[in-house]
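Structure, as structure tokens:
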Amino acid sequence: MNKRAYITLFLFLIYSLISAQELTVIDELGSPIRDVYLVNNDASVFAFSNKNGRVSLGSFSDEDIITISHSGFLTISKRKAELEVQGNVITLIFDPEALGEVVLLTRIDDENLKTTADRRVILHSKEIERLNTQTTAELLEKRAGINVQKSQMGGGSPVIRGFEANRILLVVDGVRLNNAIYRGGHLQNIISIDNTTLDQVDIIFGPGSSEYGSDGLGGVIHLKTKRPKFTETPQFKHTYMTRFASANNGISRHYDMQYTGSDFALFTSLTHSDFDDLRMGSRRSHGYKGWGKVYHYIEDGEQVENPNPNIQKNTGYSQTDFMQKVILKIHPKWLLTGNIQYSNSSDVPRFDKLNDYNSVSYDVENEQTTYEGLKYALWNYGPQKRYFSSIQLDHSLNTRLIDSAQFIFAYQDVFESRHIQKLDQNDASDLIDRHENVDVYSININLRKKALHYGLEYYYNAVSSTAFITDDRDENRPYPQTRYPNGGSSMSSIAGFATYSKNFNEQFRLNTGLRYTQNQLDATFHSVPNVWELPYDNLSYKYTALTGNISLAFHPDDSWKIATIASTGFHAPNIDDTGKLFYKGSILTIPNFNLEPEYARTVELNITKNVNNRLLFNANTYYTFIEDAIMRVNTNLDFQINQDEFFTEAKTNKNTGNAEIYGATASASLRIASNYTLETDYTLIKGRNIDNDLPFTHIPPSFGKTAFYADFDSWRASFFIMYNGRKAIEEYDIASGTDNEEESPLEWVLTDEGNWIEDYQGTPSWYTLNLSAMYRLSDSFTVQMALENILDQHYKTFASGLSAPGRNFIVTLKARF
């Protein structure tokens, strides 16, 4: 063999050796995929594919299990030797979840339909972008299985399985948002999470207390913000967005910047929104001509007539949100994440209060309702400020007890205020300002060893509550009646938990969990001369809770899942439940520090059937028994009070007994063709207080959604119908007042004595037709347009004081560089 032949053979062997150490990643069409992330099992070695889809495997050992992932494709894990046997070419399967809602229900997903038994809905970034809502509350409202109550435009209180407020758990980036003053009525805190920063939302239906802790009676909403991924070479990405909505002349502007490198990543986001007064629908298919119309409003401290009663005056507000996230690979096995979030709003008018009248009567001659004198000159939530910061440490290791460890140290500072001024015979009374500040410190430790997940959680809430009064001479002085204990209060909790999964074979999978929690409440009350004399100064209370869950998922074959679940969740009484003193109308609520935790014991059945990857059907039914339910009941005052408002009865929270909630959700998704999908879902919920056989609070009427989706490379479009059934007044919880029967249509009934009395009708049924489209003008520019409530229907969601938006044209422009 001559010299040239030796050289040729040598070069060929070198090329073969190099080629054997190089992997090419392609999609189902054979196109290369760049920026695919490869990492071994202990995260000590990682790599990225280049623009040709090629990536070197030389740094990986022969025994390494390599996880291959990309945001638009299904993640797979294989040994290096397996990749070499496959010819060093791997095909990634397109992840339908990247399309969001269209495909969430159209395949048997390993995580959500095989390994878990409970019902979960996951909103991915693509779906969040498609829904294109003004707030996070509206994002949840457009998703299956969730109802949202609104008392004002700057709010939104999600309802899951008939549970609301402090009976559902909100979590952001692994840290619980529920704090010591989360109310039992309706909450607006979720709007402080900027939906433009969300990467994923996990909605877990049913008690989630084994893993997440107190308050998850109806479910858990875990909001996960965007998290930049490391790239082989430094990259900058910028996003600009502006959105206009005609129903409230709302304008939102957003900018974010992302820098990614091989061991450092940065994400910065800023959003500002201005919302004007909201216009309701003008078409009144329900038949109630005056329901929800705004005939008067307050301007410069005086009552004036509204020239357009379909405009809900004094509902506008503004909000600014900032986020900064830094991710640093400080060691091959250590990842550090710094997370700062800040949200601040303007004053948010409490519309349902500003629309209250001193007197409502029936005009017999004109056969119409007459309204006399607005009750409030001012009723605003002050600027709601939320500061959130956390340090998260992720550690990959391989020991007998731990495969991975996560530590989250977080601090939250939440400030809320209420500003109330009554209008008495067209003259404004004294202005009362109540301020609440909550400092929350928390530590979460999450450990994993294969199928075992266990850890610890500790959090501490410090609550300060102050009040001030400003008279007609603009003199400001302390006001004695604070909303919460005037000497300060605190709540702390420490918990340990463990969850375990076991695959018996390919057909049976067992999931189980256990959690032990210890809570403590402390409060200091100061008696105030000439206002109240309290029978106590300091109150302290401790209680414990043991909860758990067990589920079994059965797969007769790959197209079926039949799962049964038994679980227990609990709600630990917080400062709002125990230590609150406030008025609602003529009702005074007073403290009670003898509350016990309330428990929700749930059994459910979940059935899923996939037919040839074209049709997916899911049915879920459940029964929840609520033990020691916390309800507001009549009580006698145990102290003297000189009130600033007139009240006819006193109420307090008590463990009143037992209640039950039961319901079902059915959904189906049909892939008509490769680019067309039809989806539908329907939810039915019922509830009652077992002890007195009266309706249980917060139970929404039946509701659902049907949608048709078209998805192509450069454009997407959807047409969907949202609908709600009727909620009869006989199904309202009148006693607690949280169902807000006074916000439903009002009719008048003539009694035998010749008097006209109020007769509230409950919430009428409603539906809306909606259309949306997204078109990619280029790689950098996208335009979205939507026409919501096309028929301009007037309606209110259950228990809401605010009428929903009328016909709403939305246009969004987005640029990415």
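None of the figures in this text is laboratory data; all of them are computed from the coordinates on show. Everything numeric here is computed off the predicted structure, so don't read it as measured data. Neighbour counts are summed over all protein chains in view; Cβ atoms, including those assigned to glycine, are modelled from backbone coordinates with ideal geometry.
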Expressed in nanometres to one decimal, the distance between label points 7 Å along Cα→Cβ at ASN398 and ARG816 is 3.6
Ranking LEU270, SER501, LEU595 by how far each Cα lies towards the positive end of the charge dipole of the chain (+1 on Lys and Arg Cβ, -1 on Asp and Glu Cβ), the top one is SER501
The equivalent-ellipsoid semi-axes of the range 185-245, taken as the square roots of five times the Cα gyration tensor eigenvalues and listed largest first in whole Å, are 31, 19, 8
Env charge @ LEU605, Cβ radius under 13 Å, K,R +1 / D,E -1, value 0
So for R0 = 25 Å, FRET eff. of LEU787-ASN249 from the Cβ-Cβ r, to 0.05, ends up at 0.95
Rounded to the nearest Å, the spacing of the alpha-carbon centers of the range 684-704 and the range 603-638 is 11
When LYS561, LYS226, LYS422, LYS237 are ranked with the fewest other C-beta atoms within 10 Å first, the list becomes LYS237, LYS226, LYS422, LYS561
Residues whose modelled amide H sits under 5 Å from the amide H of SER702, counting only those 5 or more places away in sequence or on another chain, are ILE685, GLY725
Full extension between TYR500 and LYS542 adds, at 0.36 nm per residue less the Cα distance, a length in nm of 12.2 nm
For the range 164-175, in residue order, the Karplus 3J(HN,Hα) values (coefficients 6.51, -1.76, 1.60; θ = phi - 60°; whole Hz; Gly and Pro = x) are 8, 6, 7, 9, 10, 10, 9, 10, 10, 6, x, 10
If every Lys and Arg gets +1 and every Asp and Glu gets -1 at its Cβ, then about the Cα centre the range 463-504 yields a dipole, in debye to the nearest 20, of 440
Expected sort for GLU82, GLU627, GLU598 with the fewest Cβ neighbours (10 Å cutoff) up front is GLU82, GLU627, GLU598
Cβ density ranking, 10 Å radius, fewest first, applied to LEU456, LEU670 yields LEU456, LEU670
Per 10 angstrom bin, beginning at 0 and ending with the bin that holds the maximum distance, the Cα pairs of the chain fall in percents of 2, 12, 22, 25, 20, 10, 5, 2, 1, 0, 0, 0, 0
Helix 3-20 sits off the longest principal axis of the Cα atoms of the chain, rounded to the nearest 10 on a 0 to 90 degree scale, by 20
Label model pair ALA666, ALA650: point-to-point distance (7 angstrom along the Cα→beta-carbon line) in nm is 5.1
Its Cα gyration tensor gives the range 191-344 an equivalent ellipsoid whose semi-axes in whole Å, largest first, are 42, 22, 13
Given 673-680, 53-60, the highest-first ranking by average Cβ count within 10 Å works out to 53-60, 673-680
On the formula 1/(1 + (r/R0)^6), with r taken between the Cβ atoms of ASP557 and ASP413 and R0 of 51 Å, the FRET efficiency rounded to 0.05 is 0.45
Toy charge model, Lys and Arg Cβ at +1, Asp and Glu Cβ at -1: the chain dipole around Cα centroid in debye, rounded to 20, equals 3800
Phi angles of the range 179-187, converted by Karplus (6.51 cos²θ - 1.76 cosθ + 1.60, θ = phi - 60°) into ³J(HN,Hα) in whole Hz with x for Gly and Pro, give 10, 5, 10, 5, 7, x, x, 9, 10
Here the gain from full extension of ILE721 to THR524, 0.36 nm per residue of separation minus their alpha-carbon distance, amounts to 65.8 nm
Computed ³J(HN,Hα) along the range 757-765: with the Karplus parameters 6.51/-1.76/1.60, θ = phi - 60°, integer Hz and x for glycine or proline, the list is 10, 5, 9, 6, 9, x, 8, x, 6
Averaging 1/r across every pair of distinct alpha carbons in the range 660-803 and inverting yields a Kirkwood hydrodynamic radius, in angstrom, of 18.3
